[in-house]
Amino acid sequence: MLENDTVLVVDDSSTARRITSELLRRYLKCRKIFEAHDGTSALKIIEQYSEDIDWIFCDWEMPPPTGNELLRKIRASPNLSSIHFVMITSRADRESLLEAVEAGVDAYVVKPFTTKTVFEAIQKVIQRAERRKAHRLQPKEKITVIAEPHHTGANSCTGHLVDLSSSGARIRFDSSNSRGLWVHDSLDLRIKSPLPGEAGEDLVLPSHVVRIEADGRQRQSRNTVKIAFSFEKIDEWRNNHLNKLIERFVKQNTVPDE
């Protein structure tokens, strides 16, 4: 299941680290495993191998930073936010679970655990990530998007986001303003971000047009169209920014716009 992944196991108990690492290696076929005996050592490993680590399996009750404090540090960093974080803990109470969920945990495994328990937790994380990647999420807020064509002489046009996924987006444009866009055209989509802070900068995504649709909500006036775009390969900062937008829409309890 984790044949192509790299995992960091964090626990102040050498026995617990050995058990977790052996489970990951033997039953889940994990490609590479790092181990850390506390949160400080874990942060040093993460800093050095941040681009390689896919998963963190971490105990909660450790000398500071605790597992939950480490989780919050990971989620606060745009460069690390895509790492899957599995909390392994003896805390079985509802309050601790909610605290970890609030901090951004992907899975919560209570000690003592079985191979089946860990397998099912990882499977759910992977399935949830795949659904998130595939589904189009519709924002409840009005988000402006500017299409900036690459070909010479073409004018940019402004529309509003209909839905978004990690692979593409649909934008609603006034028909008169989008006449210069056609299937296979290459362009940059400039999404005016609702996120605060540094991530609040415009998100510019290299894209191409894949489909032009009639706007079902505007059948009577026929003044608008929906255009579907597919994203090209993007760098780490853009990918992290895009993921944060998607997370925002997920938290809004959005549904696909069919």
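The values are calculated or read from the model by the stated rules, or taken from the named source; none is laboratory data. The structure presented is a predicted model; accordingly, all values stated were derived computationally and were not measured. Cβ atoms come from the backbone with ideal geometry, glycine included; neighbour counts cover every protein chain shown. Heads up: the accessible areas ignore ligands, DNA and RNA and are worked out on the full protein's heavy atoms, side chains in. Shrake-Rupley method; radii C 1.70, N 1.55, O 1.52, S 1.80 Å.
If you check N223 against the conditions, is it open to solvent by 30 Å² or more (accessible area, probe 1.4 Å), farther than 28 Å from I74 by Cα and modelled with pLDDT of 85 or more?
It is false that N223 is open to solvent by 30 Å² or more (accessible area, probe 1.4 Å), farther than 28 Å from I74 by Cα and modelled with pLDDT of 85 or more.
Confirm whether S96 is under 16 Å from the mean Cα position of the chain (by Cα) and over 16 Å from S13 (Cα atoms).
no
Regarding the range 164-181, can at least one residue be identified that is aliphatic (A, V, I, L, M), closer than 19 Å to L245 by Cα, touching a residue at least 12 places away in the same chain (Cβ under 8 Å) and open to solvent by 50 Å² or more (accessible area, probe 1.4 Å)?
no
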